[in-house]
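Working notes, structure below.
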Amino acid sequence: MKNTFGLSILAIIFSISIACQPAPQPEPTTLTTEEPPKLVGLVEDVLTQEEQAALTPDMVIQLLKDGNERFINGDMTIRDHSELVRKSAKAQYPKAIILSCVDSRVPVEDVFDRGIGDIFVARVAGNFVNEDILGSMEFACKVSGSKLVLVLGHEYCGAVKAAIDDAQLGNITAMLTNIKPAVAAVEYTGERNSSNAEFVHKVSESNVRNTINEIREHSPILKEMEDQGEIKIIGALYDMDNGKVSFLD
């Protein structure tokens with residue numbers, strides 16, 4: 001009996017000791033996850049003064065047309081903007097100055113697939129000119145060497161629509177007087193209101209042409225540069241339905 005009792009006690013102690021031992025832990029597994037590929041930016045050399053001087057206005061126009069094709073096709077250049085900022089910090093020699101509307105749906109640099117230091121951009125609702133913008137254009141071309149002045153209008157322009165409808169609101173009223181000559185210049189027998197898309201289109205194009213005339217009339221500097229073949233002053237319309245820029249004759 002004693003031996004049986006002793007063996008029972010030993011069995012209980014052994015069972016308790018086994019139960020108190022920690023459960024075996026599985027071997028740690030190493031997770032192997034592939035890092036997503038990093039986009040490698042294209043670091044373009046910013047234009048030098050010599051390279052800018054070698055450009056012609058027609059070459060710049062073609063560069064903008066080619067860039068717009070890439071924009072339409074979703075084949076835009078991947079750029080290292082941080083590097084371009086550093087490279088262009090000391091000087092700038094842009095190819096062109098583009099006057100655009102303030103409309104947020106017209107991202108000018110993207111529309112032409114241009115990077116930092118490539119173009120000057122002036123913006124005002126309705127892409128008209130005043131003394132300040134003319135001065136900016138003269139700085140871009142006469143002082144900084146740009147070869148092109150591009151007036152860029154766009155379809156569905158709110159400022160053009162407001163001028164057509166003779167909107168009256170604060171400083172907007174005075175601003176629209178710069179666009180109204182373009183409205184009056186359109187010969188059209190249909191409905192002359194902002195609900196008529198065809199009329200709005202015609203006024204938008206008329207407004208671009210009117211702005212070009214204003215540049216030539218009120219900036220003797222730019223007019224002389226154009227007459228001498230140093231620059232060109234041209235216009236275009238941006239189609240927000242497909243991203244295409246149509247250059248006017």
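FYI, it's all coordinate maths here, none of it is from the lab. Values in this document were obtained by computation on a predicted structure and should not be read as measured data. Reconstructed Cβ throughout: ideal geometry from the backbone, glycine too, with neighbour counts over all protein chains shown.
So if R0 is 45 Å, what FRET efficiency would Asp45 and Val186 give, r being the distance between their Cβ atoms, rounded to the nearest 0.05? Result of the calculation: an efficiency of 0.50. Spatially, region 89-156 and region 165-212 are offset by 22 Å when compared through their Cα centroids. Distance between the 7 Å Cα→Cβ label points at Thr177 and Asp110: 3.6 nm.
Close lysine pairs were tallied over region 142-239: pairs 8 or more places apart or on different chains with Cα atoms under 12 Å apart number 5. Put simply, when 121-128, 201-208 are sorted by average Cβ atoms within 10 angstrom per residue, most first, you get 201-208, 121-128.
Potential lengthening of the chain between Ser246 and Asn130 amounts to 39.3 nm, from the contour at 0.36 nm per residue minus the alpha-carbon distance.
Remark: the His218-Asp58 segment gains 55.2 nm on full extension, using 0.36 nm per residue and subtracting the alpha carbon distance.
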